[in-house]
Amino acid sequence: MLIAGALLSHADLGLFKSAERVGMVISFILLVINAVFPPRFAQLFHRGEHEALGRLARQSSMVAAGMATPLAIVCLLFPEWVLGWFGPEFREAASLLRIVVIGHLVNVSFGSVGFLLTMTGREKVMRNISLVCSALGLLAFVVLIPLWGAVGAAISLAMVLGMQNLVAACFVWRRMGIVMLPIRR
């Protein structure tokens with residue numbers, strides 16, 4: 001937000017911030033999921049129940065995606081209506097909301113992948129993923145905001161939101177053999 005505040009006009013910052021706040025409602029679902037699943041991940045891991053751990057990890061993705069998708073659909077199909085709750089001038093942020101919502105939906109769809117890594121002794125891997133993705137996100141803000149304004153900020157935010165869990169999910173798949181997609185196996 002500091003970078004966006006420095007590089008965007010007050011009007012564009014207000015539009016971006018409204019889209020970002022509405023989009024956060026989707027990621028709030030992940031907070032609820034993360035309160036339930038991670039202790040069970042640790043328990044199954046320490047018992048050596050790898051297959052059950054994989055099922056539970058996929059279940060976290062399915063529950064998260066199932067809860068987030070209806071909200072995301074409303075925001076994607078009716079962004080002007082959703083943003084209109086803040087006032088008619090915020091309807092201009094419809095495209096920003098769509099971009100941000102896609103980032104949040106990707107983030108949520110991988111379930112508790114970060115906690116899966118940390119609860120199974122791979123906290124350094126998750127730390128490194130977070131640091132690299134955050135650095136790339138900051139770079140994206142610095143590069144894309146001057147090019148595209150508020151749309152660049154929305155793209156940068158969506159990229160950061162989705163990238164961290166996508167990279168973590170790839171690591172979980174390659175090293176642990178667990179597919180963190182919201183699909184049944």
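The values are calculated or read from the model by the stated rules, or taken from the named source; none is laboratory data. Source: prediction; values computed, not measured. We place every Cβ from the backbone using ideal geometry, glycine too, and count neighbours over all the protein chains shown. Surface areas here come from the heavy atoms of the whole protein model, side chains and all, with no ligands, DNA or RNA. Shrake-Rupley method; radii C 1.70, N 1.55, O 1.52, S 1.80 Å.
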Between residue 143 and residue 50, what length in nm is gained on full extension when 0.36 nm per residue of separation is reduced by their alpha carbon distance?
29.3 nm
Does region 76-168 classify as rounded, prolate or oblate by the C-alpha gyration tensor (a ≥ b ≥ c root eigenvalues; a/c under 1.5 gives rounded; else a/b over b/c gives prolate, otherwise oblate)?
oblate
Would you mind calculating the relative contact order of the chain from Cα pairs under 8 angstrom and at least 6 residues apart, reporting the percent as a whole number?
31
With a probe of 1.4 Å, find how much accessible area the chain has per residue, and write the answer as a whole number in Å².
52
Any idea how far apart residue 135 and residue 24 come out in nm if each label point goes 7 Å out from Cα toward Cβ?
2.7
As an exercise, use a Förster radius of 41 Å and the Cβ-Cβ distance of residue 128 and residue 89 to find the FRET efficiency, rounded to the nearest 0.05.
0.45
How do the peptides 31-43, 4-16 rank, highest first, by the average count of neighbouring beta carbon atoms within 10 Å per residue?
4-16, 31-43
Expressed as a percent, the accessible surface of region 64-171 that is carbon or sulfur, using a 1.4 Å probe and the full set of protein chains, is 76
